[in-house]
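Below you'll find the structure, written out as structure tokens, and then a few comments.
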Amino acid sequence: MSGLGLVAQAGTIGALTEAIGLVFTGQTLLWIVVGLVLGMIGGALPGVGSSLSMAIILPLTLPLSPVNAIILLVSMYSGAMYGGSIAAILVNVPGTGAAAATTFDGYPMSQQGRAVDALSMSATASSVAGFLSVLTLLLISPLLIEVVLLFGSPENFMMAVLGLAMIAIVARGSVVKAIVSGGFGLMITAIGIAPNSPELRYTFGQIGLRNGVDFIAALIGMFAIAEMIKLAGQEGGIADSAIEMTGNRLAGVRETFQHPLTLVKSGYIGMLIGAIPGAGATVSNFIAYGEAMRSSVTPERFGKGEPLGVIAAEASNNGTIGGSLIPTIAFGIPGSGSTAVLLGGLLMHGLRPGPQLFETDLHLTYTFLIALLIGNFFILFAGVVFVTRMGRLTQIDTHVIIPIVVVLSMVGGFTLNNNWMDILTVILLGLIGYLMVKYNYSVIAFVLGVVLGPIAEENLLRSLQISGGDYSVFVSPGQQPIAFALLVVTILILVGPFVKPRLERALS
């Protein structure tokens, strides 16, 4: 091994040791538990979910240290992935999109008197798959570090452009509507002081807009206020009556471990799909469920209370967490609403995705991952020990949820910068977000535009300064092979939706 390799290895081990020390000192373990509990509650409430829960809490993390703030957020993310299965199993309403496939067999199991079994399976599958995906991410982190450190300004610009091209992929319906949503996000980023110059853009004389539209305020509006307007149309609680909690805890845990192949396979399906920006846990949920059904010797039992269906669905959504962190912390590209909020937390606390999190702040990256590893043990413990009390979460009335979320959103928006313009941003983008959801405009495409717009603009200007205004810095395979490769991938993504139908017609 070369001297540089030994130094890098020593640095990695040192960062890992420091991270372990950070996790097991001070209040860090407390914030892991708090985050998981808040995430489970948010995930169990349809209309709330991980994105909204994290968006509400995000501005309230300002008094915390960067380590504890991000640990709180990632723990909420992990807890909500499991929490979404609670309503899915008990009342056939997935708490999050990531638990949609869980309803197929989880609710029939509940109707058959096996609600406790199903919830125990969900907790076990979620914790084991989540643990494996994060552990894998820890093991491959040295390779990931080498890749990230190869990126300079041209590569970061092309990566941001690639992320914007993902808008064509995240479009669940009309590609045109997704492009409009992404373009709207990009327009918002143009407000305020221009990068590398004192020029003011589109402030209309308002001092409160000098620093632009706050990214966190935009997220709170899009996720929290928009969802609460939507939820206001629903009457009463999530469930009409108390759920009968019958079944056996240990039977659920035992049955989960009797299917190790499905458990591990579904977890890694979630991890691989989670690493693709725009895919997320909802996609991996259905793909893992479909694969479990395909490989089963009794596929006809799926949809009628088949435990393998619950195991596959729940292993995949928590497995997605490890994968989704890769583009978020390595390149600043969020793959979902939850990782977009997490990215906002990183930026708000002065942590910049990319080389910083893999060089000077490598110990912090390892701290977040170790916190997730520990959190999976808590999910297993809480999910099995307190399983009979989970049904109470579905009895909360919407008239209680909505005012609490709205008040917290407004308070959180104001505390970001003590700026009333942020309150206006929360309200306006909340209304716009509701209309976007109502008319099938992609909120994730909007988020990609808001997040990646400043990254693309800043790295474009920096690259042109370095190259003396020569645009060939982005298209030269000899000088910038990574930037050129990203350009090729971006072109393929953009032309793919138009070329694919023609190829299919030509081959048919």
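Please treat every number below as a calculation from the coordinates, not as lab data. This is a predicted model, so every value here is computed, not measured. Cβ sites come from the backbone with ideal geometry, for glycine too, and all protein chains shown count toward neighbours.
Which entry in (i) 70, 63, 58; (ii) 83, 49, 40; (iii) 75, 50, 44 is this structure's computed Cα extents along the principal axes in Å?
Among (i) 70, 63, 58; (ii) 83, 49, 40; (iii) 75, 50, 44, the one calculated here is (i).
What's the angle, to the nearest 10 degrees (0 to 90), between helix 175-189's Cα axis and the longest principal axis of the chain?
So the helix axis and the longest Cα principal axis differ by about 60 degrees.
What angle do you read, to the nearest 10 degrees and between 0 and 90, between the alpha-carbon axis of helix 28-44 and the longest principal axis of the chain?
Long axis of 28-44 versus the principal axis of the chain: about 70 degrees.
Kindly write out, for region 214-230 in residue order, the coupling ³J(HN,Hα) from the Karplus curve 6.51 cos²θ - 1.76 cosθ + 1.60 (θ = phi - 60°), rounded to whole Hz, with x marking Gly and Pro.
So the Karplus estimates, Gly and Pro as x, are 5, 4, 5, 4, 5, 5, 4, x, 5, 8, 6, 5, 4, 5, 5, 5, 5 Hz.
When the Cα centres of region 296-338 and region 399-449 are compared, how far apart do they sit, in Å?
A separation of 28 Å, based on Cα centres.
Starting from the amide H of ARG201, placed 1.01 Å from N in the peptide plane, find each other amide H under 5 Å away whose residue is 5 or more places distant or on another chain.
For ARG201, the qualifying residues are GLY192, ILE193, ALA194.
Helix 337-348: angle to the longest alpha-carbon principal axis of the chain, degrees 0 to 90, nearest 10?
Taking the Cα atoms of the chain, the angle to 337-348 is about 50 degrees.
Relative to the present Cα-Cα distance, how much length would full extension add between ASN417 and LEU30 at 0.36 nm per residue of separation?
Details: separation 387, 0.36 × 387 = 139.32 nm, distance 2.71 nm.
Here the segment from ASN417 to LEU30 would lengthen by 136.6 nm.
Mean residue ellipticity at 222 nm from the helices of the chain, using -39,500 (n - 2.57) per DSSP H segment of n ≥ 4 over the full residue count, to the nearest 500 deg cm²/dmol? Intermediate results must be reported in sequence, preceding the final value.
Details: 21 runs with 352 residues, N = 508.
Estimated from H runs of four or more residues: -23000 deg cm²/dmol.
With charges set only on the Cβ (+1 for Lys and Arg, -1 for Asp and Glu), what does the dipole of the chain come to about its Cα centre, in debye to the nearest 20? Spell out each step's value before the answer.
On the way: 20 positive and 24 negative charges, 131 e Å.
Its charge dipole is roughly 620 debye.
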